[in-house]
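The values are calculated or read from the model by the stated rules, or taken from the named source; none is laboratory data. Small disclaimer: the values here were computed from a predicted structure and weren't measured. Reconstructed Cβ throughout: ideal geometry from the backbone, glycine too, with neighbour counts over all protein chains shown.
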Amino acid sequence: MFEEQATKVKITSVVILVGMATMLAAVVTDHWAVLSPGVEKLNATCEAAHFGLWRLCKKIIFIVEEDPQGKGCGPISLPGAQNCSYFKHFTSGEEAEVFEVKTQKEYNISAAAIAIFSLFFMILGTICVIFSFGKGRDYLLRPAGMFFAFAGLCIIISVEVMRQSVKRMIDSDETIWIEYYYSWSFTCACASFTLLILSGGALLLISMPHMPRNPWETCMDAEPDILD
């Protein structure tokens, strides 16, 4: 790998690491969306919820005053008794069964499966980048860029599936939640999509052959770069 090319790959790798960190944070946490029922009166309890790819957490909150941001029951950061349960496609239980009936289980299974594919592509891309620093192995940058781009596409598809899941949950007559907003796990997923797509594209550009330095030269006439 040429010295200039190696420097660009190292800079891109930093962006990739940030994208990987934000994707892992999004996948393993359960703050993609916060759901809230309507608050009819103060000095009473209400049940808010937040969920991610793997589980749903309900929280009983005592409301003293209205939320200034208009989020209904909340904010979710207020103290209260919390109960979390994993979705039924991983564990069984009454809470999971209720969640399955109310939220179209196939949406959550699809989002989780697509996120796993995203992690798989990310691992393959990382392996390719590591081995590309070996002598004469810069050709691995091209598949690495494709793998990271695929990882970004998978995570944004998972985001859209989760959006549809939230929408159907809110529209359902069987749920108590009537308001929602996307939380920091959702933001991490969107950020990882942007970073991985950009870094994947950057690796593909870096892997392209050098163009002639002068317009009258052909690729064969241009002076070759000196290897490390």
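Inspection of segment 172-190 identifies at least one residue that is modelled with pLDDT of 90 or more and touching a Gly at 6+ places or on another chain (Cβ under 6 Å). Just one of ILE197, ILE157, ILE170 is touching a helix residue (DSSP H, G or I) at 6+ places or on another chain (Cβ under 9 Å), within 21 Å of LEU53 (Cα to Cα) and in contact (Cβ under 8 Å) with a residue 40 or more places away in the chain; which is it? Selected residue: ILE157, the only one of ILE197, ILE157, ILE170 that is touching a helix residue (DSSP H, G or I) at 6+ places or on another chain (Cβ under 9 Å), within 21 Å of LEU53 (Cα to Cα) and in contact (Cβ under 8 Å) with a residue 40 or more places away in the chain.
Listed here are the residues, each with its yes/no results for (1) of a type in the set (Asp, Glu); (2) modelled with pLDDT of 80 or more; (3) over 26 Å from SER192 (Cβ atoms).
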{"position": "TRP32", "(1), (2), (3)": "no, yes, no"}
{"position": "SER77", "(1), (2), (3)": "no, no, no"}
{"position": "LYS88", "(1), (2), (3)": "no, no, yes"}
{"position": "GLY93", "(1), (2), (3)": "no, no, yes"}
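Restricting attention to segment 20-27, does a residue exist that is farther than 19 Å from GLY201 by Cβ, at pLDDT below 75 and not acidic (Asp, Glu)? No, the conditions are met nowhere in segment 20-27.
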